[in-house]
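A quick write-up on the structure given underneath.
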Amino acid sequence: MANKLSIDIVDSKKKNVGTADLPEAFGLPVKKQLLWEVVRQQNANDRAGTASTKKRTDVSGGGKKPWKQKGTGRARQGSIRASHWVGGGKAMGPKQRDYAYRPPLKVRKGALRSAISLRAKEGQLWILEGFELAEFKTKRAAGVFVKLGLADALIVEVKENLKLHRSVRNLAAFDAIAPEGLNVEDLLRHPALVLTTTAAKAIDTRLA
């Protein structure tokens, strides 16, 4: 059963502007097996799978038997493109393949709930009333993080807030992502999670 958690809502100057109960999806028990399964899936999906070697049938030439079967005193050979010949095809070498797979939706949602719940229980979940910047300026975004006391975090905000997304992308220790793109690997890569109130509602709806 989920534990009801309350959290302070702050503005960009770290001033408390209210308190809210976290959505049920943000206060669930952390299931490490789900986290492992989904991170494994994301890593597998990122694999290019382009490693490839030419087999004997892929190498040109070698259609004629190099010498007759008997009477030469040499070992019998069928083709100069066999794997033990220089320039021959490789035996049992890697071929292009797709490593991607997709766990059930229930597993993917459960892992995302667990990752958010983990940050909430660690006290590393921040809810901002809003994250509006006056201009496209990395320095402005960095200033907000300094006031919040954050050195490394994942920021989740609606994609329409272009000033925030473009200002954050030049900060090595921070990433900004839209609610629909939130994923377990990005969540676990950063020690803190920052959500705007709008993003928090969108994530709760997504995980319902």
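Among LYS15, LYS64, LYS90, LYS55, which is the only one that is over 30 Å from TRP126 (Cα atoms), exposed (fewer than 12 other Cβ atoms within 10 Å of the Cβ) and at pLDDT below 95?
LYS64
Only one of (1) outside any loop (DSSP other than H, G, I, E, B); (2) open to solvent by 20 Å² or more (accessible area, probe 1.4 Å) fails for LEU164. Which number is that?
The single condition LEU164 does not satisfy is (2).
In this structure, is LEU154 closer than 18 Å to LEU112 by Cβ, open to solvent by less than 30 Å² (accessible area, probe 1.4 Å) and modelled with pLDDT of 95 or more?
Judged against the criteria, LEU154 is a match.
List the residue pairs whose Cβ atoms are under 6 Å apart, where the first residue sits in the stretch 121-140 and is under 11 Å from VAL194 (Cα atoms), the second is among the basic types (Lys, Arg) and assigned to a helix (DSSP H, G or I), and the two are 6 or more positions apart or on different chains.
Within 6 Å, the pairs are LEU125/ARG119.
If a residue must be more than 25 Å from the chain's Cα centre (by Cα), in a loop (DSSP other than H, G, I, E, B) and of a type outside the set (Ser, Thr, Tyr), how many such residues does the stretch 41-82 contain?
Qualifying residue count for the region: 23.
Among residues belonging to the stretch 170-189 that are within 16 Å of VAL146 (Cα to Cα) and not small (Gly, Ala, Ser), point out the one that is least open to solvent (accessible area, probe 1.4 Å).
Filtering first and then ranking leaves PHE174.
Within the stretch 162-185, take every residue that is out of contact with any helix residue (DSSP H, G or I) (no Cβ under 9 Å at 6 or more places or on another chain) and not aliphatic (A, V, I, L, M) and give me the one that is farthest from GLY27 (Cα to Cα).
It comes out as HIS165.
Check whether at least one residue in the stretch 22-39 is closer than 29 Å to LEU182 by Cβ, among the basic types (Lys, Arg) and not in a loop (DSSP other than H, G, I, E, B), and report yes or no.
So the first thing to find is which residues in the stretch 22-39 are closer than 29 Å to LEU182 by Cβ, and the list is 22-39.
Okay, now just the ones that are also among the basic types (Lys, Arg), so 31-32.
Next, from what is left, pick out any that are not in a loop (DSSP other than H, G, I, E, B): 32.
Checked the stretch 22-39: at least one residue is closer than 29 Å to LEU182 by Cβ, among the basic types (Lys, Arg) and not in a loop (DSSP other than H, G, I, E, B).
With ALA82, ALA111, ALA100 as the choices, which residue is exposed (fewer than 15 other Cβ atoms within 10 Å of the Cβ) and either more than 30 Å from ASP11 (Cβ to Cβ) or among the basic types (Lys, Arg) (or both)?
Sole residue among the options that is exposed (fewer than 15 other Cβ atoms within 10 Å of the Cβ) and either more than 30 Å from ASP11 (Cβ to Cβ) or among the basic types (Lys, Arg) (or both): ALA100.
Would you mention how many residues in the stretch 25-51 are closer than 25 Å to TRP126 by Cβ, open to solvent by 50 Å² or more (accessible area, probe 1.4 Å) and either among the small types (Gly, Ala, Ser) or free of Cβ contacts under 8 Å to residues at least 60 places away in the same chain (or both)?
0
Which residue, of LEU171, LEU154, is free of Cβ contacts under 8 Å to residues at least 60 places away in the same chain and in a loop (DSSP other than H, G, I, E, B)?
On the way: LEU154 fails: in a loop (DSSP other than H, G, I, E, B).
Result of the check over LEU171, LEU154: LEU171.
Could you tell me which numbered condition HIS190 fails, if it satisfies all but one of (1) in contact (Cβ under 8 Å) with a residue 40 or more places away in the chain; (2) closer than 23 Å to GLU37 by Cα?
(1)
For ALA172, are the conditions met, namely being within 29 Å of ASN45 (Cα to Cα) and among the small types (Gly, Ala, Ser)? Give the derivation first.
Values: within 29 Å of ASN45 (Cα to Cα): yes; among the small types (Gly, Ala, Ser): yes.
Yes.
Going residue by residue through the stretch 124-137, is there one that turns out to be open to solvent by less than 90 Å² (accessible area, probe 1.4 Å), more than 30 Å from PHE174 (Cα to Cα) and either touching a Lys or Arg at 6+ places or on another chain (Cβ under 9 Å) or in a loop (DSSP other than H, G, I, E, B) (or both)?
no
The values are calculated or read from the model by the stated rules, or taken from the named source; none is laboratory data. Keep in mind the model is a prediction, meaning the values are calculated, not measured. With ideal geometry, Cβ positions are generated from the backbone for all residues, glycine too; neighbour counts draw on all protein chains shown. For accessibility, only protein heavy atoms count, side chains too; no ligands or nucleic acids. Shrake-Rupley method; radii C 1.70, N 1.55, O 1.52, S 1.80 Å.
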